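The values are calculated or read from the model by the stated rules, or taken from the named source; none is laboratory data. What you see is a predicted model; the values in this text were computed from it and never measured. Cβ atoms come from the backbone with ideal geometry, glycine included; neighbour counts cover every protein chain shown.
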Amino acid sequence: MLGRRGALRFLALPPYVWLGLFFVLPLVLIVAISFRPETGPIDFDDPWAPSLIQYQRAFEPAYLRLLGVSVLMALGIAGGATLLAYPVAYFLAFRARERAPFYLVLLLIPFATSYLLRVMAWRLMLGGEGAINSFLQFAGFTSGPLDLLLYSRAAVMITLVYVWIPFAALPIYAAMQRIDRAHQEAAADLGAGPWSRFWRITVPLSLPGALAAFFMVFIPTVGEYVTPSLVGGTEGFMYGNLIQDFFGGAANWALGSALSVIMLVVTLVLVAVALRVVDVRRVAT
C-alpha cells in the first residue's frame, strides 16, 4: 500500500502532467519557434537553425512603443477595476450581512454570459447612437456624438474595466472576510471614528487582496486582443493584436513567437519589481 507521502505524490501527478502538457510544453514550443530565422508558417520537418533575427525585428521602435502603450493601458485598467471593485467588496464584507450570499450571486451572474456578448453590448452603448452618447446629448453636455467613446483606446479601457470588476472584487472580498472584527471593535472603543478605522485597519489588512486583484487584471490585459478588435478599431490597437496578426493574417509564426516571449518577460519583470517595491507584509502590519 502507498504511504502518506506516496499517496500525495500520486494525487499530485495528474495536475503536474496536465500543467506540463498544456502550459509548459506550449511555452517551450513558442520559445523554440522564436529562434527560427524563417518567416511564414513553421514546418517542423525543416532543419532548425537557431537565430536571433526575429528578436532584432521585435525590438524595432514601433513594436516597443506599442508594447509600452499596452502596458500603460493595462496599468490603468487594472487600477480602475481594482478601485471600482473595492467598494463592492467592502459592501459585501461589512454591509450586506445576511444578504451577502445573494449579492455575491448577483456579482457572479455576468460570468454566465458570453464574454463576446458583454463586449458587443458595450460596443452598442458607446456607439454614436448608443445610450451614453444619447444621454450626453439629451442632458446638453455635448452637441453631437463623442468619437472617443468608440474605436479608441478610451473605449477599450472602459470596456475592460467593466469586464474585470467582478473578477477583481473576489480576492478583495476574500481578504476582507479574513479581517478580525475584534480589531474594528477595539479601535472604536479607543475612540477611532469610521474613517480612521477604515484607513488604519480595513485598507492595510485588505491590501494583499487588492494587490492580487490588480495583478490578476494587469497580467492578462497586457496581451488582450479580442476587446481592442471589437471596440478599439485601429485607434485601440494593442500589442496582443500585433501578435495575433503575425500568427493569423501575416502567418509569421517566428516573429509572433518572439513578440510573445518579449511580452511575457516584460510582464513578469514588472510584476517581480512591483512585488519587491511593495512589501505587502510590512504594509499590512
Looking at Ala192, is it farther than 29 Å from Tyr90 by Cα and surrounded by fewer than 21 Cβ atoms within 10 Å (Cβ to Cβ)? no
Exactly one condition in (1) surrounded by 17 or more Cβ atoms within 10 Å (Cβ to Cβ); (2) part of a helix (DSSP H, G or I) is false for Val269; which is it? (1)
So Phe237 passes all but one of these: (1) in a helix (DSSP H, G or I); (2) more than 18 Å from Ile165 (Cα to Cα); (3) not hydroxyl-bearing (Ser, Thr, Tyr). Which condition number does it fail? (1)
Pairs only if they're at least six apart or on different chains, beta carbon under 8 angstrom, first in region 237-248 and more than 15 Å from Arg57 (Cβ to Cβ) and touching a residue at least 40 places away in the same chain (Cβ under 8 Å), second in a helix (DSSP H, G or I) and not hydrophobic (A, V, I, L, M, F, W, C); list them, first residue then second. Phe237/Pro228; Met238/Ser70; Met238/Pro228; Met238/Gly232; Gly240/Ser70; Gly240/Pro228
Hey, Val119 hits all of (1) modelled with pLDDT of 85 or more; (2) over 21 Å from the mean Cα position of the chain (by Cα) but one; which does it fall short on? (2)
Mind checking which pairs have a first residue in region 112-126 that is among the charged types (D, E, K, R) and a second that is in a helix (DSSP H, G or I) and at pLDDT 85 or above, Cβ under 9 Å, 6 or more apart or different chains? Arg118/Thr159; Arg118/Tyr162; Arg118/Val163; Arg123/Ala155; Arg123/Thr159; Arg123/Leu230; Arg123/Val231
Of all residues in region 173-205, which are of a type outside the set (Val, Ile, Thr) and outside any helix (DSSP H, G or I)? Arg178, Asp180, Leu190, Gly191, Ala192, Gly193
Kindly establish whether Pro15 is over 28 Å from Ala254 (Cβ atoms), out of contact with any Asp or Glu (no Cβ under 7 Å at 6 or more places or on another chain) and at pLDDT below 90. yes
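Results for (1) under 18 Å from the mean Cα position of the chain (by Cα); (2) closer than 21 Å to Ser229 by Cβ; (3) buried (at least 16 other Cβ atoms within 10 Å of the Cβ); (4) without any contact (Cβ under 8 Å) to a residue 12 or more places away in the chain, shown as yes or no for each residue.
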| site | (1), (2), (3), (4) |
| --- | --- |
| Thr142 | no, no, no, yes |
| Ala155 | yes, yes, yes, no |
| Thr159 | yes, yes, yes, no |
| Tyr162 | yes, yes, yes, no |
| Ala169 | yes, no, yes, no |
| Met176 | no, no, yes, no |
| Ala182 | no, no, no, yes |
Of all residues in region 120-159, how many are of a type outside the set (Val, Ile, Thr) and not in a helix (DSSP H, G or I)? 14
Are any residues in region 56-115 more than 24 Å from Gly236 (Cα to Cα), surrounded by 19 or more Cβ atoms within 10 Å (Cβ to Cβ) and not hydrophobic (A, V, I, L, M, F, W, C), and if so, which ones? Tyr86, Tyr90
